[in-house]
1. Check off (1) surrounded by fewer than 19 Cβ atoms within 10 Å (Cβ to Cβ); (2) among the hydrophobic types (A, V, I, L, M, F, W, C); (3) closer than 24 Å to B:SER98 by Cβ for B:MET170 and give me the number that stays unchecked.
2. Scan segment A:6-45 for residues that are within 26 Å of A:GLN87 (Cβ to Cβ) and either buried (at least 22 other Cβ atoms within 10 Å of the Cβ) or among the β-branched types (Val, Ile, Thr) (or both) and jot them down.
3. Is at least one residue of segment A:61-79 within 12 Å of chain B (Cβ to nearest Cβ) and open to solvent by 20 Å² or more (accessible area, probe 1.4 Å)?
4. Filter segment B:109-127 for residues that are without any contact (Cβ under 8 Å) to a residue 12 or more places away in the chain and among the charged types (D, E, K, R) and give the result.
5. State whether the residues of segment A:117-127 include one that is within 11 Å of chain B (Cβ to nearest Cβ), closer than 20 Å to B:ARG133 by Cα and buried (at least 20 other Cβ atoms within 10 Å of the Cβ).
6. Out of the residues in segment B:184-218 that are of a type in the set (Ser, Thr, Tyr) and at pLDDT 90 or above, state the one that is least open to solvent (accessible area, probe 1.4 Å).
7. Out of the residues in segment B:1-43 that are modelled with pLDDT of 90 or more and of a type in the set (Ser, Thr, Tyr), state the one that is surrounded by the most Cβ atoms within 10 Å (Cβ to Cβ).
8. Within the set of pairs 6 or more residues apart or between chains, which connect a residue that is within 10 Å of chain B (Cβ to nearest Cβ) inside segment A:40-58 to a residue that is open to solvent by less than 10 Å² (accessible area, probe 1.4 Å) and assigned to a loop (DSSP other than H, G, I, E, B) with Cβ atoms less than 7 Å apart?
Amino acid sequence: MVEASSVEIRKVNKYYGDFHALKDIDLSIPPGKVTCLIGPSGSGKSSLLRCINFLEEYDSGEVLIDGKLIGYETPGGRRMSRRKLRQMRSTIGMVFQQFNLWPHMTAQENVAEGLRRVRGLRKAEAMERAAQALDRVGLSDRMANHPARLSGGQQQRVAIARAVAMDPRLMLFDEPTSALDPELVGEVLNVMKALAAGGMTMVVVTHEMGFAAHVADQVAFLDAGELVGVDAPARILREPEDPRIQSFLRTYHERNVI
Amino acid sequence: MDVSIFAEYGPRLLSGFGLTILCWLLGTVLGAALGLLIAVAQRYGGRSVRWVLQTYIEVIRGTPFLVQLFLLYYGGPMIGLRLDPLPAGLLGLTIYGSPYFAEIFRSAFRAVPLGLIEAGRAIGMPELAIVRRILLPVGLVSALPALVNFSIILTKETVILSIITVPELMYQTQYMATMTFTYLEGYLALALFFWGFVEVISRLGRRLERRITRHLIERS
């Protein structure tokens with residue numbers, strides 16, 4: 001088992017022009033634990049997640065991976081070199097809402113690509129490792145398929161295998177099941193649960209309150225760019241104190257009543 | 001019509017045919033290569049690089065091919081650029097086509113979903129590998145119809161090279177027509193040749209398109 005990373009987010013601010021998307025966010029993500037980010041759409045939870053691997057550039061504050069600042073040389077200082085950023089990113093896996101598999105490559109080639117171009121493995125070895133990673137997500141019989149020939153759930157599992165094959169110490173999930181048909185959500189959540197059980201640090205932006213309630217170690221609620229609360233799922237989801245969380249959960253439950 | 005004239009001028013026409021194909025092929029390949037370089041440099045270059053290239057595109061697109069060719073062939077020697085007709089013609093075709101190719105590639109790159117690029121960045125792929133392994137192959141698929149289309153336009157621009165005495169098919173047909181007064185038969189045959197040539201290219205293009213989009217067809 002590779003060691004799991006911790007993430008420390010301190011006073012992070014992010015602007016899109018005049019729009020203040022993230023306001024002084026402070027959040028500790030302990031190693032080997034699952035942290036879910038929830039909140040209404042537009043609350044900044046995806047932006048915050050994307051700041052962790054610097055796909056989104058935060059404007060001030062610090063994001064520390066295992067104590068090491070990502071994106072900048074020093075807090076508020078110069079941008080870090082591309083090489084260093086690549087090095088840090090190569091230990092952080094990311095799974096996107098739209099899967100983002102490369103359409104011209106087979107499932108196996110998708111997973112092998114990073115091993116070849118980033119880890120420098122030879123093709124045969126990369127393909128072998130890719131096959132193992134796909135086997136772990138239950139897709140050993142779909143390795144030769146291009147993404148267009150896979151269901152959404154299968155595509156997302158390939159995307160998870162692509163990230164996991166790099167032996168990350170931290171996994172970021174950006175609404176991994178939001179683009180899936182309801183009957184395909186379960187297979188993806190099961191793979192994520194297995195990862196969590198293996199001791200991976202996971203940060204998950206999600207609308208799946210069931211996943212947050214049962215798998216998360218802590219749940220952070222964002223609203224309008226502010227971190228409203230962080231707590232154990234049982235507390236924040238069942239007996240929320242903040243009226244904004246109460247109202248969000250009420251809407252959620254109303255929508256999901258059959 | 002006297003068929004023996006075609007027999008007599010056969011060797012000339014054949015060499016002209018070869019040269020027309022060569023000019024088209026090299027003009028397309030070199031023009032597309034230059035256009036690709038421009039498009040990549042525009043995407044990754046700084047503000048000044050982008051400005052210089054955009055100006056180049058505007059100027060070349062905004063001037064007639066024949067004027068460019070005359071500038072190169074007749075104007076060139078005055079600044080020490082002395083080129084034979086064929087190299088001048090090939091260089092001219094390359095330059096003339098490059099901005100159109102650059103624009104085709106630029107819009108094709110823009111059509112590549114950002115998520116595919118971000119997926120590469122997120123695992124730490126070097127930017128060059130992202131261009132080579134993701135941006136180019138994905139972009140080329142959507143660029144292909146426009147590339148084929150412009151290469152078809154270029155087939156017909158090759159006849160302009162006859163004006164600076166490149167002995168391609170137009171030049172040879174003109175020679176034959178003048179010598180034998182076969183203006184109707186000669187130019188009609190030339191027109192038919194180009195039609196057939198374009199037809200071949202467009203069929204090959206469609207076949208190629210089907211091949212490289214095979215993997216994008218969703219299962220039913």
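The values are calculated or read from the model by the stated rules, or taken from the named source; none is laboratory data. What you see is a predicted model; the values in this text were computed from it and never measured. Ideal geometry is used to build each Cβ from the backbone, glycine not excepted, and the neighbour counts take in all protein chains shown. For accessibility, only protein heavy atoms count, side chains too; no ligands or nucleic acids. Shrake-Rupley method; radii C 1.70, N 1.55, O 1.52, S 1.80 Å.
1. Only one criterion in (1) surrounded by fewer than 19 Cβ atoms within 10 Å (Cβ to Cβ); (2) among the hydrophobic types (A, V, I, L, M, F, W, C); (3) closer than 24 Å to B:SER98 by Cβ is unmet by B:MET170, namely (1).
2. Once the filter is applied, which keeps residues that are within 26 Å of A:GLN87 (Cβ to Cβ) and either buried (at least 22 other Cβ atoms within 10 Å of the Cβ) or among the β-branched types (Val, Ile, Thr) (or both), segment A:6-45 yields A:VAL7, A:ILE9, A:VAL12, A:LYS14, A:LEU22, A:ILE25, A:ILE29, A:VAL34, A:THR35, A:LEU37.
3. no
4. Matches in segment B:109-127: B:ARG110, B:GLU118, B:ARG121.
5. yes
6. B:SER202
7. B:THR20
8. Short answer, once both residue conditions are applied: A:PHE54/A:ILE70; A:PHE54/A:GLY71.
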